[in-house]
Amino acid sequence: MAPGDGVVVEVEEGEVLRAAVLAYLPPLAGLLAGAVLARAVLPDAELAALLLALAGLTAGWGLSRAWLRRRPPRYTLTVGEAS
């Protein structure tokens, strides 16, 4: 590899889709689950619904972060001439 060489990063469509699902679905599911849980347990407590929704969002974010750190998207690097 020399200065001026081009680098191509290729990621398959399936890997992009898998990474997007793992990044966005658990936080969204946690947000909705927290709000539904608060609504079922304490129907008139809006602050509790907000706090449980935020707790679910945070838990989902942590879960998706752990999954993506354990199995990051696969990619291939190709070094060639700059175009």
Completion exercise
Summing +1 per Lys or Arg and -1 per Asp or Glu among the other residues with Cβ less than 13 Å from LEU77's Cβ gives -1
Practice task
For helix 13-41, report the angle its Cα long axis makes with the longest principal axis of the Cα atoms of the chain; keep it between 0 and 90° and round to the nearest 10°.
Solution key: 10 degrees
Exercise for the section: Evaluate the relative contact order of the chain (contact order divided by residue number), counting alpha-carbon pairs under 8 angstrom at least 6 apart; express in whole percent. Expected result: 50 percent
Problem - Loop-located chymotrypsin sites (Phe, Trp or Tyr not before Pro) in the chain, at most 13 other Cβ atoms within 10 Å (DSSP) - result: TYR75
Handout entry: Tilt relative to the chain, helix 46-70 - C-alpha long axis, 0 to 90 degrees, to 10
Key = 30 degrees
Exercise for the section: Sort 48-56, 35-43 for me by packing, meaning the mean count of neighbouring Cβ atoms within 10 Å per residue, highest on top. Expected result: 48-56, 35-43
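Laboratory data are not the source of any read-out in this text; all were calculated from the coordinates shown. Note that the structure is a prediction, hence the values are computed from the model and not measured. Methodologically, a virtual Cβ is constructed for each residue, glycine included, from the backbone with ideal geometry; neighbour enumeration extends over all protein chains shown.
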